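The values are calculated or read from the model by the stated rules, or taken from the named source; none is laboratory data. Fair warning: this is a prediction, and the values are worked out from it, not measured in the lab. Cβ placement follows ideal geometry from the backbone for every residue including glycine, while neighbour counts extend to all protein chains displayed.
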Amino acid sequence: QTLAIDLLNPSAAYEQRQHKLKRLVQSPNSYFMDVKCPGCFTITTVFSHAHTVVLCGSCASVLCQPTGGKARLTEGSSAFRRKGKQSPYLLALRLFIPEKKLDVSVLVLLQTCITNVRILLQPRKPPLQILPP
């Protein structure tokens with residue numbers, strides 16, 4: 001018997017429906033967004049699942065209110081989802097290899113290797129010397 005779905009290459013819609021820990025590659029449902037104040041037009045960064053009321057820094061108007069899950073934006077304020085900061089090595093790799101040929105697991109593996117190499121290349125601190133009294 002064969003399965004009706006491909007377990008190694010699930011669709012993006014199927015992955016988004018999955019629980020954040022049950023996905024092929026774990027990823028959170030939350031994000032940061034830039035919210036523009038309707039009164040003074042200043043931009044404030046807000047967490048999507050904020051637990052407290054977020055006020056504008058300059059005019060003190062309410063930008064969003066907490067609910068059980070995602071924070072609800074007040075009327076008139078507009079939000080733009082921020083893109084996460086990516087490694088410059090990963091961006092350079094995507095220039096040379098088309099994204100269709102890069103599997104998600106390969107990207108995660110490369111990101112982990114780059115992070116580990118960066119930790120290994122950091123200069124070591126000299127050992128702490130204790131002076132006699």
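So the values come out like this:
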{"item": "Near pairs, Cβ below 6 angstrom, 6+ apart or cross-chain, from region 1-20 (without any contact (Cβ under 8 Å) to a residue 24 or more places away in the chain) to any residue that is surrounded by 10 or more Cβ atoms within 10 Å (Cβ to Cβ) and assigned to a loop (DSSP other than H, G, I, E, B)", "result": "15/23; 20/29"}
{"item": "Residue tally, condition within 29 Å of residue 75 (Cβ to Cβ) and either surrounded by 10 or more Cβ atoms within 10 Å (Cβ to Cβ) or at pLDDT 90 or above (or both), over region 1-32", "result": "5"}
{"item": "Answer residue from region 43-75, given it is within 23 Å of the chain's Cα centre (by Cα), surrounded by 12 or more Cβ atoms within 10 Å (Cβ to Cβ) and of a type in the set (Ser, Thr, Tyr) and is farthest from residue 15 (Cα to Cα) among those", "result": "44"}
{"item": "Residue that is modelled with the lowest pLDDT [pool: residues in region 63-78 that are within 10 Å of residue 38 (Cα to Cα) and part of a strand (DSSP E or B)]", "result": "78"}
{"item": "Test for residue 24: is it in a loop (DSSP other than H, G, I, E, B) and without any contact (Cβ under 8 Å) to a residue 12 or more places away in the chain", "result": "no"}
{"item": "Yes/no for residue 35 being closer than 14 Å to residue 74 by Cα, of a type outside the set (Gly, Ala, Ser), at pLDDT 85 or above and surrounded by 13 or more Cβ atoms within 10 Å (Cβ to Cβ)", "result": "yes"}
